[in-house]
Amino acid sequence: MDKQYIISVDLGTSSCKTALFNGEGVMVGIASREHKTFFGENGAAEQDPNEWWRGACETIREVLWKAGISSQQIAVVGIDSQSSAMIPIGRDGEILHNAMIWTDRRAVMEKKWIDINVGQEILTQINGNRNDESNIAPKLMWFKNNCPKHYRHTYKILNAAGFLAYKLTGIFSCNLSEGGLTQLFDVEKGEWSGELVKACELDMDKLPLIYQCFDVVGNITAQAGDNTGLLMGTPVVAGAMDAVSCGLGCGITKEGDAFITGGTVTALGVCTNRPVRSGSLHVYHHIVPGTWCNMAGVDFGGGNYRWFRDKFMQEFNSDSVYEEMNRMAEKVKAGADKLLFLPTLVGQRCPQWDGSMKGVFFGISPNHGREHFLRAIMEGNALTVREIMELLGKEGAVAKKLRIAGGIAKSNIWMKIFAEVLARPLYLAECEEATAMGNMINAAYGAGILNSFQDGKKYLKFEPVSVEEANAEKYDRLYGIYTKLYPAMKEQFRELAALQL
């Protein structure tokens, strides 16, 4: 029996999705399971890796069963995941602490310690990224300081994709794309930095081996086969960060290629042949060798839409609630009747780098209803992406042809808003699951099914998003006001964060 199908597991912030692709690059099945985030004091945000694993097992079994595909027909398994999750694992595979995910911001003191004792200049030279409490080094230092016994018993520190790869193969690994946001990594050489690890007073032997995203890290074990329904011995590639997988699924392979990916985070990425080490952007290896993704995102961009759904749309059927939200937003003219929204409910990394930020609706009047707030959420997301795009260009990562994909791309009105706010040609990926598509292309290349990443472009199609010039002009005027909101409230955000009630 020909092995002609590829499993693509996408472990995001909100859910675990598994897609099944055939040999023609067509998605023939998809299944999803949401998972919980546990928010605690001082910015804690955790998820249970066991829940991730259950979601992966259930969705893999579901797509195989629904498509009527035998496990013997699976050629390779690909993995992509949310970035900057920190999971300490014991020698026998025991989870020693819940995953501290990318929104976890409790490592404030450790971040300050790095600022003083390591310094942003050294970090920029070696790692290229801004010191931030959401990154792995501060979180790992927090874990060492607050859970010393568990830290001593930690054998390896894994990210989310590395955890799934371990559960599938029994091999400890870290894929290359995750290195940048660890703050312990040489972003040009693609290896752990002994200098940064030592400076942060951490242990090199607790860090796993680095693999290229497309490297076959191992094969499905007997136990993993029992849990997932996959055939023992099926190869598994190391995987990638979800953002770079989406980039590959948007055909991003060379300098100037740019994309927007909209999930819980709405991120803008520009591909370059050298890392842009500015200390203000995110920079990490792309899947394609010799290229880097220079990115920044609205940290709760699409998450704001889900938040509004959960808190203010309970009377609608869960299967159609997003369609109803889109219809409501479509009833409102561009500009949401002068209602602006700062989409920073969980703080914001680039461009403000301020964990004290919170969401703000600005300009509320008695005539504003639910539909206005929905449209303002969409527009605030797009306005922040415009701010990020301008910053990227100033730093040398100039976006040329711009494509968009992800969960928000399922909304026609949101795509129209993005095109009009950015006031430039925007191309929508035909495949709604571009992250899963990029993950599949990465796995297919790793398994030898594709000879090059350029070959993967044969699976991809895009269509232009229409623009109304009058709306673009309105957004241009609103943008000038929007960019003044944070500077005007900066001190108040910090006062509020420090206030004890």
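The values are calculated or read from the model by the stated rules, or taken from the named source; none is laboratory data. The shown structure was predicted, so the numbers you read here are calculated from the model rather than taken from an experiment. Note that each Cβ is placed from the backbone with ideal geometry, even for glycine, and that neighbours are counted across all protein chains shown. In case anyone asks, the SASA skips ligands and DNA or RNA and just uses the protein heavy atoms, side chains included. Shrake-Rupley method; radii C 1.70, N 1.55, O 1.52, S 1.80 Å.
Within the group I136, I95, which residue is free of Cβ contacts under 8 Å to residues at least 60 places away in the same chain, closer than 17 Å to G180 by Cα and aliphatic (A, V, I, L, M)? Walk me through it before giving the result.
Numbers: I95 fails: closer than 17 Å to G180 by Cα.
Of the residues listed, the single one that is free of Cβ contacts under 8 Å to residues at least 60 places away in the same chain, closer than 17 Å to G180 by Cα and aliphatic (A, V, I, L, M) is I136.
Just checking, which of A429, A434, A498, A409 is of a type in the set (G, A, S) and over 19 Å from S245 (Cβ atoms)?
A498
I want to confirm something. Restricting to segment 449-479 and keeping residues that are open to solvent by less than 50 Å² (accessible area, probe 1.4 Å) and not in a helix (DSSP H, G or I), which single residue is farthest from L176 (Cα to Cα)?
By that ranking, first place goes to V465.
Looking only at segment 87-104, decide whether some residue is under 22 Å from the mean Cα position of the chain (by Cα), of a type in the set (D, E, K, R) and either at positive phi or in the same structural domain as Y166 (by the TED database) (or both).
If we filter segment 87-104 for residues that are under 22 Å from the mean Cα position of the chain (by Cα), which is where we start, we get 87-88, 97-104.
Cutting the leftovers down to of a type in the set (D, E, K, R) gives us 104.
With either at positive phi or in the same structural domain as Y166 (by the TED database) (or both) added as a condition, the list becomes 104.
Yes, segment 87-104 has at least one match.
If I413 passes every condition in (1) in contact with a Leu (Cβ under 9 Å, 6 or more places away or on another chain); (2) touching a residue at least 40 places away in the same chain (Cβ under 8 Å) but one, which one does it miss?
Failing condition for I413: (1).
Are any residues in segment 160-171 under 16 Å from A99 (Cα atoms) and open to solvent by 10 Å² or more (accessible area, probe 1.4 Å), and if so, which ones? So that I can check it myself, show each step before the final result.
The initial filter retains those residues of segment 160-171 that are under 16 Å from A99 (Cα atoms), namely 160-167.
Of everything in segment 160-171, those that are under 16 Å from A99 (Cα atoms) and open to solvent by 10 Å² or more (accessible area, probe 1.4 Å) turn out to be Y166, K167.
Show the residue pairs meeting these rules: Cβ distance below 6 Å; 6+ apart or different chains; first residue within segment 465-479 and closer than 11 Å to A336 by Cα; second residue β-branched (V, I, T) and surrounded by 13 or more Cβ atoms within 10 Å (Cβ to Cβ).
Hits for this filter: Y475/V421.
Every residue, every condition in (1) β-branched (V, I, T); (2) touching a His at 6+ places or on another chain (Cβ under 7 Å), yes or no:
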residue: E201; (1), (2): no, no
residue: D215; (1), (2): no, no
residue: D226; (1), (2): no, no
residue: V244; (1), (2): yes, yes
residue: G247; (1), (2): no, yes
residue: V265; (1), (2): yes, no
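Does segment 174-186 contain at least one residue that is in the same structural domain as I136 (by the TED database), in contact with a His (Cβ under 6 Å, 6 or more places away or on another chain) and open to solvent by less than 50 Å² (accessible area, probe 1.4 Å)?
Yes, segment 174-186 contains at least one residue that is in the same structural domain as I136 (by the TED database), in contact with a His (Cβ under 6 Å, 6 or more places away or on another chain) and open to solvent by less than 50 Å² (accessible area, probe 1.4 Å).
With the requirement that a residue be among the hydroxyl-bearing types (S, T, Y) and within 16 Å of I79 (Cβ to Cβ), what does segment 416-470 give you?
Across segment 416-470, the qualifying residues are T435, Y445.
Mind checking which residues of segment 285-312 are under 13 Å from L342 (Cα atoms) and of a type in the set (D, E)?
Residue satisfying the conditions is D299 alone.
Are there any strands (runs of 3 or more DSSP E) wholly within segment 22-137 with 3 or more residues that are open to solvent by less than 20 Å² (accessible area, probe 1.4 Å), and if so which?
74-81, 87-89
Hey, can you tell me all the residues within segment 208-255 that are touching an Asp or Glu at 6+ places or on another chain (Cβ under 8 Å), open to solvent by 30 Å² or more (accessible area, probe 1.4 Å) and not aliphatic (A, V, I, L, M)?
Within segment 208-255, just D242 meets the criteria.
Within segment 282-290, is even one residue open to solvent by less than 10 Å² (accessible area, probe 1.4 Å), over 21 Å from S83 (Cα atoms), assigned to a loop (DSSP other than H, G, I, E, B) and among the aliphatic types (A, V, I, L, M)?
The answer is no, given that none of the residues of segment 282-290 is open to solvent by less than 10 Å² (accessible area, probe 1.4 Å), over 21 Å from S83 (Cα atoms), assigned to a loop (DSSP other than H, G, I, E, B) and among the aliphatic types (A, V, I, L, M).
Just the residues that are free of Cβ contacts under 8 Å to residues at least 24 places away in the same chain and not hydrophobic (A, V, I, L, M, F, W, C), please, taken from segment 433-464. Walk me through how you get there before you give the answer.
From segment 433-464, those free of Cβ contacts under 8 Å to residues at least 24 places away in the same chain are 448, 450-452, 455; that's our starting set.
Selection gives G448, N451, S452, D455.
So which residues in segment 430-448 are more than 16 Å from A238 (Cβ to Cβ) and open to solvent by less than 10 Å² (accessible area, probe 1.4 Å), if there are any at all?
Across segment 430-448, the qualifying residues are A434, A436, M437.
So how many residues does segment 73-131 have that are in contact with a Ser or Thr (Cβ under 8 Å, 6 or more places away or on another chain) and of a type in the set (D, E, K, R)?
Final tally of qualifying residues: 4.
Yes/no per residue for (1) closer than 30 Å to N135 by Cβ; (2) touching a Gly at 6+ places or on another chain (Cβ under 6 Å):
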site: G279; (1), (2): yes, no
site: G290; (1), (2): yes, no
site: M295; (1), (2): yes, yes
site: R306; (1), (2): yes, no
site: Q314; (1), (2): no, no
site: E324; (1), (2): no, no
site: R327; (1), (2): no, no
site: V332; (1), (2): no, no
site: A336; (1), (2): no, no
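Working only within segment 194-207, note down all residues that are assigned to a loop (DSSP other than H, G, I, E, B) and either open to solvent by less than 10 Å² (accessible area, probe 1.4 Å) or of a type in the set (D, E, K, R) (or both). Break it down stepwise before answering.
Going through segment 194-207, the residues assigned to a loop (DSSP other than H, G, I, E, B) turn out to be 200-203, 207.
Result: C200, E201, D203.
Report, by residue number, each residue of segment 397-408 that is modelled with pLDDT of 90 or more and either buried (at least 16 other Cβ atoms within 10 Å of the Cβ) or in a helix (DSSP H, G or I) (or both).
Hits for segment 397-408 are A397, A399, L402, R403, I404, A405.
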